[in-house]
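Step one of this worksheet: look at the structure below.
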Amino acid sequence: MNRKKFIHSIITGGFIMPGLSTFNKFTSDLKEQAHRMPVLFIGHGSPMNGIEDNEFSQRWTKMAKEIPTPSAVLVVSAHWFTKGTRITAMDFPKTIHDFGGFPKALFDVQYPAPGNPSLALETATLIHTTPVLQDHDWGLDHGTWTIVRHMYPAANIPVLQLSIDYSKGARYHYDLAKELYSLRKKGVLIIGSGNMVHNLGMVAWDKIDGPAYGYDWALQLNEKFKDLISSGDFNPLINYESLGKEGRLAIPTPEHYLPLLYTLGLKGENDNTDFFNDKAVAGSLTMTSVKLG
C-alpha cells in the first residue's frame, strides 16, 4: 500500500457558550472519583490501523478493558494544529477523513460518538495560560477516531479534541497540560495521539507491510525516550532540540511529538509507567505508547 503523507488542515470556527445552567449541571454531576484515570500517549501510525485488526489495534481494545470506563475522552491529536488553542464543543462531532490514497473502506468509516459542550467549557475554564476557543467546525480527526473506535466501539462515550497551538514551544504545551490534571480525578481519559519517532520523508516503503523494522537511529532514540520517561527526567524531552542528530531525524516537525508532552505533563505523583505497542514500523516510525497511572 502506497501510504501518502497525511493532510493537515487548519479550520476556523466560532464561539458559542453553553448556558450556565447546563454547565453547572454537568460540573456537579462530574464529581471527583476515588481513583485517578490513567493518562495515555498512543502512537497512532497509519490511518489503516483504524480498520485493521492487527497487534496495535488489538492492544488498544485490550487497554480499554484494563482501565476504568471513562466519563469522557479528551484527545490531543497531532492532526489538529491551530493558531491559538481550541476545543471541540459541538453535541455531535463529525468524523474527519484527513488523509488521501487509502481504500474506500477507510473513508466510509463513521464514528458517531457524542461530544459534550459542557465539558468543553469546563476544560476551557481550567486553562489559565491562554483563552480557549469553543470550536464547532472541526470534529474527530484520524488521530482520534482510528484509536477510540477500537477502544469504545459502541461510540457511547463523549469524545472531545483539544488542539495544539503551533505558535508555541514545547515547554508551553507541557505546562498547559498540567492545568488539565483535575479532569483525571473526574474520570476523563486524556490521550495524547501522535508518534514518538515520526519521519515520513524517510519511510522505507518496501517494509511498511512487513515485520517490525527500524533504522538504528530510530531504535536508539526510542530507547532513550523510554529511559527518560521511566526515570521521570522530562527536561531533555521538553528540550528535544538538544537530542542531537537522532532527535532531528526522529522529530523533523513537532506535530506528532508534542502530544507526548501533554501526556507527560499530566503525570501524577506515584503514577506507574508502562509501555505498550513498543515497535518500529517502516524504519522511521515508532508505535511506542505509554500509560501513566
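Here is the figure for segment 90-141: residues that are among the basic types (K, R) and under 19 Å from the mean Cα position of the chain (by Cα) total 1. With respect to the conditions (1) part of a loop (DSSP other than H, G, I, E, B); (2) over 25 Å from Y262 (Cβ atoms); (3) at pLDDT below 65; (4) of a type outside the set (S, T, N, Q), G13 lacks only one, and its number is (2). Residues of segment 96-135 that are open to solvent by 20 Å² or more (accessible area, probe 1.4 Å), hydroxyl-bearing (S, T, Y) and touching a helix residue (DSSP H, G or I) at 6+ places or on another chain (Cβ under 8 Å): T129, T130. Pairs meeting the criteria (first residue in segment 219-247 and open to solvent by 70 Å² or more (accessible area, probe 1.4 Å), second residue of a type in the set (S, T, Y), beta carbons under 8 Å, at least 6 apart or on different chains) are S230/T273. Can you pull out the residues in segment 248-258 that are farther than 15 Å from G169 by Cβ, open to solvent by less than 10 Å² (accessible area, probe 1.4 Å) and of a type outside the set (A, V, I, L, M)? Scanning segment 248-258 gives a single hit, H256.
The sole residue among W205, W138 that is aromatic (F, W, Y), open to solvent by 40 Å² or more (accessible area, probe 1.4 Å), touching a Lys or Arg at 6+ places or on another chain (Cβ under 9 Å) and in contact (Cβ under 8 Å) with a residue 12 or more places away in the chain is W205.
Checked against (1) in contact with a strand residue (DSSP E or B) (Cβ under 6 Å, 6 or more places away or on another chain); (2) modelled with pLDDT under 95; (3) closer than 24 Å to A177 by Cα, N277 passes all but condition (2).
Only one entry of V203, V188 meets the criterion of being of a type outside the set (S, T, N, Q) and within 21 Å of the chain's Cα centre (by Cα), and that entry is V188. A count restricted to segment 184-202 and to residues that are over 23 Å from K224 (Cβ atoms) and open to solvent by 40 Å² or more (accessible area, probe 1.4 Å) stands at 1. Just a yes or no: is a residue in segment 172-185 touching a residue at least 12 places away in the same chain (Cβ under 8 Å), part of a loop (DSSP other than H, G, I, E, B), among the acidic types (D, E) and within 13 Å of L74 (Cβ to Cβ)? Checking segment 172-185: at least one residue is touching a residue at least 12 places away in the same chain (Cβ under 8 Å), part of a loop (DSSP other than H, G, I, E, B), among the acidic types (D, E) and within 13 Å of L74 (Cβ to Cβ).
Quick one: which residue in G84, G50, G45 is touching a strand residue (DSSP E or B) at 6+ places or on another chain (Cβ under 7 Å) and within 16 Å of R149 (Cα to Cα)?
On the way: G84 fails: within 16 Å of R149 (Cα to Cα); G50 fails: touching a strand residue (DSSP E or B) at 6+ places or on another chain (Cβ under 7 Å).
Only one candidate passes the filter, namely G45.
Within segment 147-168, the residues that satisfy the criterion of being buried (at least 21 other Cβ atoms within 10 Å of the Cβ) and in contact with a His (Cβ under 8 Å, 6 or more places away or on another chain) are I147, I164.
Of the numbered criteria (1) under 16 Å from the mean Cα position of the chain (by Cα); (2) open to solvent by 10 Å² or more (accessible area, probe 1.4 Å), the one T144 fails is (2).
The values are calculated or read from the model by the stated rules, or taken from the named source; none is laboratory data. Bear in mind that the values here come from a model prediction, so they are computed numbers and not experimental data. Every residue, glycine as well, gets a Cβ built from its backbone with ideal geometry; the counts of neighbours run over all protein chains shown. The protein model used for the area step is the full one, side chains on, heavy atoms only, and it has no ligands, DNA or RNA in it. Shrake-Rupley method; radii C 1.70, N 1.55, O 1.52, S 1.80 Å.
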